[in-house]
1. Can you tell me which residue in region 141-186 is surrounded by the fewest Cβ atoms within 10 Å (Cβ to Cβ), limited to those that are among the β-branched types (V, I, T) and in contact with a strand residue (DSSP E or B) (Cβ under 9 Å, 6 or more places away or on another chain)?
2. Looking only at region 86-108, count every residue that is in a strand (DSSP E or B) and either under 19 Å from E146 (Cα atoms) or touching a helix residue (DSSP H, G or I) at 6+ places or on another chain (Cβ under 7 Å) (or both) and tell me the total.
3. Going by the conditions given, is R123 of a type in the set (K, R), assigned to a strand (DSSP E or B) and surrounded by 15 or more Cβ atoms within 10 Å (Cβ to Cβ)?
4. I'm trying to understand the selection: among the residues of region 58-84, which are surrounded by fewer than 19 Cβ atoms within 10 Å (Cβ to Cβ) and either touching a helix residue (DSSP H, G or I) at 6+ places or on another chain (Cβ under 7 Å) or in a helix (DSSP H, G or I) (or both)?
5. Taking region 118-145 as the region of interest, how many residues are at pLDDT 95 or above and farther than 21 Å from P185 by Cβ?
6. Being touching a residue at least 60 places away in the same chain (Cβ under 8 Å) and more than 16 Å from Q61 (Cα to Cα) is the requirement here; does L4 meet it?
7. Which one of these is modelled with pLDDT of 95 or more and polar (S, T, N, Q): Q104, Q41?
8. Is it the case that some residue within region 16-25 is assigned to a helix (DSSP H, G or I), aliphatic (A, V, I, L, M), in contact with a Phe, Trp or Tyr (Cβ under 8 Å, 6 or more places away or on another chain) and surrounded by 14 or more Cβ atoms within 10 Å (Cβ to Cβ)?
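The values are calculated or read from the model by the stated rules, or taken from the named source; none is laboratory data. What you are looking at is a predicted structure, and each value in this text was computed from that prediction instead of being measured. Because the Cβ atoms are built from the backbone with ideal geometry, glycine has one as well, and the counts that use them run over all protein chains shown.
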Amino acid sequence: MTGLVLASASPARARLLTAAGVVFAVHPATVDEAAMKDSLQVAGADARAVAEALAELKAAQVSAAMPDALVLGADQVLVFDGVLVSKCADLKEARALLRELRGQPHDLISAAVLCLHGAPVWRHAAAARLTMRDFSDDFLGTYLAEEGEALLGGVGCYRLEGRGAQLFARVEGDHFTVQGLPLLPLLEALRQHGVLPA
């Protein structure tokens, strides 16, 4: 079987792969995601194209250094009211973002790309629509205090698999996509590439 390398430091993606029984090594890519995202948006790329391009960039960068490994790059973008939302720098920004998302739907797009010998051999992107409930400012303050800066690791400042579930009224789409990885199509691709048994 071929070895898999995860080109990401994301604990959520590592947890998903581990829970699914996938053996992998971690070798995070070092890319300037914000600059790449800005460049793609200026060029007119839509949200799905941005997520796929960032995932491919991460996978290709690590694959160039580890050409015999199958390298997984992944990225997730949040779209609210037609605009790509970036990760928050601090809890003040997180509070402002969650207030803006409160009572409204937004979309998460998760993309994954597998590279071998520096070139993509598989890609997949999936979307989920999430609608936040109209929570109170008191609830939001308690949520931010309890979750703390750990929230800043995700683009929406929530983890649906944890206390963040209390923010939502409705989720449409695959829960793996919400957590940052289109897992079921990825598992099929890993079987096809010999990482997992058929």
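1. Top of the filtered list is V171.
2. 1
3. Yes; evaluated as a whole, the condition is true for this residue.
4. A64, A65, F80
5. 15
6. Considered against the rule, which asks whether it is touching a residue at least 60 places away in the same chain (Cβ under 8 Å) and more than 16 Å from Q61 (Cα to Cα), L4 comes out as no.
7. Just one listed residue meets the conditions, Q104.
8. There is at least one residue in region 16-25 that is assigned to a helix (DSSP H, G or I), aliphatic (A, V, I, L, M), in contact with a Phe, Trp or Tyr (Cβ under 8 Å, 6 or more places away or on another chain) and surrounded by 14 or more Cβ atoms within 10 Å (Cβ to Cβ).
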